[in-house]
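Please treat every number below as a calculation from the coordinates, not as lab data. In this text, all values refer to a predicted model and were calculated from it rather than measured experimentally. Counting neighbours? That spans all protein chains shown, and the Cβs are built from the backbone with ideal geometry, glycine included.
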Amino acid sequence: MAHHMGSWRHTPEDEAARRRWQHPESVLEGIGLADGDTFIDVGCGDGFFALPAARMVGPHGRVCGIDIDAEALDLLQDKAFGEGLDNVILHPGMAEEVILCDGCADIVFFGIALHDFADPVRVLRNAKRMAAPEGRIVDVDWKKEPLPLGPPAAKKFSTEHAASLMAEAGLRVTGIVESGPYHYIVTAVPE
């Protein structure tokens, strides 16, 4: 199965390039990630969002990453250890199959991943189960338009489509905002 962001991994140069068009810290601040939070990153890859999240939630918080790509998770674990971050817990597997907890997460996060899952509604239902009653489900993804970066427009989800998938999964969309030139953020809560 093709993996999201495949061309954007493995080298610091790639991460530096990606940071020019997406700033993970400001995205995470914008969604209200706070010290002590439990943050579940679904489709975390090698940690573009998970590592900054681990720094932000601090020693009393935790970041749980789920990804089908075990190699990317190994890389993420190495980076976390290298920074002395021991609040990162990684789970290899398909997001359709993995439910880490019932109602534990302050934020369940999809960083440019939702359009890659075979069954996004099932993945979102799992997210709903993992979200605390006051928790949020946050989807950051490509705007569905021709852009100089990212997958072809046909592969991308419009905000309307992302919102309809969330509704089908039993989530209530609370906000849709633009995030930089290329992305949007849809936020939802468990109904």
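Relative to one another, the C-alpha centroids of region 49-74 and region 115-191 are positioned 20 Å apart.
In this structure the amide hydrogen of D41, modeled in the peptide plane, comes within under 5 Å of the amide hydrogens of C64, G65, I66, F109, none closer than 5 places in sequence on its chain.
Summed over qualifying helices (DSSP H, 4 residues or more, each -39500 (n - 2.57)) and divided by its residue number, the chain shows a 222 nm mean residue ellipticity of -9000 deg cm²/dmol. The mean sequence distance of close C-alpha pairs (under 8 Å, at least 6 residues apart), as a share of the length of the chain, puts its relative contact order at 17 percent. Taking each residue as 0.36 nm, the span from E178 to S26 lengthens on full extension beyond its C-alpha to C-alpha distance by 53.4 nm.
By definition, a body whose alpha carbon gyration tensor gives a ≥ b ≥ c is rounded when a/c is under 1.5, and the chain falls into this rounded group. Straight-line reach from K144: taking Cα to Cα under 25 Å and skipping same-chain neighbours fewer than 8 places apart, the lysines in range are K128, K155, K156.
Measuring r between the beta carbons of M94 and D74 and using R0 = 22 Å, the FRET efficiency lands at 0.80. Once you have a ≥ b ≥ c as the square roots of the Cα gyration tensor eigenvalues for region 104-174, tell me rounded if a/c is under 1.5, and otherwise prolate or oblate according to whether a/b is larger than b/c. Note, shape of region 104-174 comes out prolate. Using a 10 angstrom cutoff on alpha carbons, build the Gaussian network for the chain and name the most mobile of H115, H60, H91. So, out of H115, H60, H91, the one fluctuating most is H60.
Taking label points 7 Å from Cα along the Cα-to-Cβ direction, K155 and V121 give a separation of 2.4 nm. Ordering F109, F81 from the fewest to the most neighbouring beta carbons within 10 Å gives F81, F109.
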